[in-house]
1. With an 8 Å cut-off on Cα pairs and a minimum separation of 6 or more residues, tell me the relative contact order of the chain in percent.
2. What is the helix-to-structure angle for 216-225, meaning the angle in degrees between its Cα long axis and the longest Cα principal axis of the chain, kept from 0 to 90 and rounded to the nearest 10?
3. If you take every DSSP beta bridge fully contained in the chain, what fraction is antiparallel? Give it as a percent rounded to 5.
4. Within the stretch 207-229, find all residues whose amide N lies under 16 Å from a label point positioned 7 Å from the Cα of residue 176 along Cα-to-beta-carbon.
5. Over what distance in Å are the Cα centres of the stretch 141-156 and the stretch 67-118 separated?
6. Taking the chain as a Gaussian network, where each spring joins two C-alpha atoms under 10 Å apart, which residue of 120, 273, 202 fluctuates the most?
7. Quick one: angle between helix 118-132 and the longest Cα principal axis of the chain, in degrees between 0 and 90, rounded to 10, please.
8. Among 71, 244, 80, whose mean-square fluctuation peaks in a Gaussian network model of the chain (Cα, cutoff 10 Å)?
C-alpha cells in the first residue's frame, strides 16, 4: 500500500502596510502620469477643434496635420514656445489657445520698418490681432529679421521654437541667422521644429532664384552648423503627388493657386506641397 504525501501549500504572507502603501503610491503615480498625458493631449485637440479657428484654416488641416506635427515636436501646453514669422496666424491660433493660461507664446515677426511693404503690413496686422482678440491677449510679439541678430525670446528660456514654411523666404545667410537666434533663445534640451516645402535632392538651391522649395539636406546642415543635433525626421507632411516642377513654383499649388483657373483641377488634385518635417535639439 503506497502512502501519498499531501503537498504543502504555502500560504502567502499578509502584505505589510508598508508594501500596500508602496503599491498604492506607484499606482497613483502611474494614474497621475497617464492623466497628465491625456490632459495635455486633450488641450491641444481642443485648440485644434476650437470654434474660434477660422473655417478656411480648418479646411487646411488635411494638408498641415497640426495634431500630428505638434505632437511629433513634443509640444506641451505648459511650454514656452516661439513661433517664427506667424504671418497670417494659421498655427498661431492653435498655439495661443493650447498655451493659454498654462504656457507662454512668443511670435517673432518682421519688425515694422514704416514702409508700405508686406513686412510692415504683416507686422501691423499681427499687432492688431493681439490687441483686439482675446485669444491672443497672452501672446508677446518680438522681432525677427533674417539680416540681423535678434532676440526672439529671452536667452535660454524657450522650450520649443517652431518655423513653418519660412526657410525659402531667406537666403542662406538668413537661415543661418534664424538657427542662431533659435539656439540662443532655447534652453539646453530645447527643440526647434522645422516644416518646409521640400526641394528634391536632384535640384540645387539658388540663393537668388527661389521657387518656394528648400533642400532638406541643406536645412539639416545649417541647423547642425548652429549647434543643433537632428533628433528625428517625419513624413507627416509629405505629399508624393507634388513633383515640385510648377510654372509659379510652390505658389502654383493651393492655397495660392497663382495660375487662377488655369489647370485648377490638376493643382487641387495634387493638394498642398510636399514638406519636410525636422526635429532638432539643443544639446
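1. Details: 440 pairs, mean separation 42.4, N = 283.
After rounding, I find 15 percent.
2. Its long axis makes an angle of about 80 degrees.
3. Working: 12 of 33 bridges.
Around 35 percent of the beta bridges assigned by DSSP in the chain are antiparallel ones.
4. 207-208, 218-228
5. With the stretch 141-156 and the stretch 67-118 each reduced to a Cα centre, they are spaced 14 Å.
6. Evaluated over the chain, the most mobile residue of the options is 202.
7. Once rounded, the angle reads 50 degrees.
8. 71
Only the coordinates and a few stated rules stand behind these numbers; no lab work does. Treat the numbers as computed from the prediction; the structure is a model and nothing was measured. Methodologically, a virtual Cβ is constructed for each residue, glycine included, from the backbone with ideal geometry; neighbour enumeration extends over all protein chains shown.
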